[in-house]
Every structure is written in structure tokens, then in C-alpha cells.
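The values are calculated or read from the model by the stated rules, or taken from the named source; none is laboratory data. Keep in mind that this is a model prediction, so the values were computed, not measured. A quick note on method: Cβ atoms are made from the backbone with ideal geometry, for glycine too, and the neighbour counts reach across all protein chains shown.
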Amino acid sequence: MNNLSAGRVGIRVLLISAEAESRRAMALLLRKAGFETSCESTGAVATSPLVENRTLANHFDVIVVDEPDTLLNEIDDEELPELLTCRNIEVPVVALSVMLSRDKMAEAGYRAVVAKPVCPESLFAAILACQR
């Protein structure tokens, strides 16, 4: 383990991104930085048996959502953090977005917003901040 991944090893990240290229690149970036990373292409995970059985929190420490506004249509216009909270699931959610405001995202329950194009260190810092 190198100094760059210190403190990141063992943090389990679920990355949700509709775009395959973006998903692959972001997952590679996170894995190289020491995060254990799983990927989903849609927000359907929010209504999956993992959520219904409340095991999502046992599988992931943080959820990173690429462009949450595209995710909304997939989960009946409910914000992901709100949906998880309603189901008593405590997994912090980080949004990656070009257009959404930090205030709007905070109001919707996102723990952090990282502006796109993503600065890797900003993303890593947001994920680590969710662990405190």
C-alpha cells in the first residue's frame, strides 16, 4: 500500500453512473486510489432487494452518483438520499454534477457535491469526509 491510498483501503464505494465510459474511468480512478469499488449503471439499485432488506449499508460505506438528475427518472422522481432515509438506511451519498447547486443537493440529502469535471482529490476528500 502506498501513501496515496492510506486511509482509503477498505472503504466500500458504490458508483452509479449511466454512462459506460464515465463509469469505467471513475471506477478505475477510485480503485487505484485504494477504494473498494462496485458499479451500477442505473438507480435501480435504490429499489433493489439490497435496499428492501436493508443490507445496502452492510455492503457499502458511500454511494457516489454521477449526475443525479438523470437518476431521478429511474426512481420515480425521489432523491436517492431521501429514499434511503425513508427506509432507515444510513449510507451517505455523494453527487457528481456539472449543473446542480450545492444548496439544492444538500437540501435533497446528498452529503457532498463534487463539481464536474471531477478533480480526483476533491472526490477522494468528499468520500473520506463521509466516513467521519
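Of note:
- Residue count, region 70-87 (criterion: out of contact with any helix residue (DSSP H, G or I) (no Cβ under 9 Å at 6 or more places or on another chain) and modelled with pLDDT under 70): 2
- Region 97-132, residues that are in a helix (DSSP H, G or I) and surrounded by 18 or more Cβ atoms within 10 Å (Cβ to Cβ): M105, L123, F124, A126, I127
- Subset of region 1-53 that is closer than 14 Å to L128 by Cβ, surrounded by fewer than 16 Cβ atoms within 10 Å (Cβ to Cβ) and among the aliphatic types (A, V, I, L, M) - its residue that is modelled with the highest pLDDT: V9
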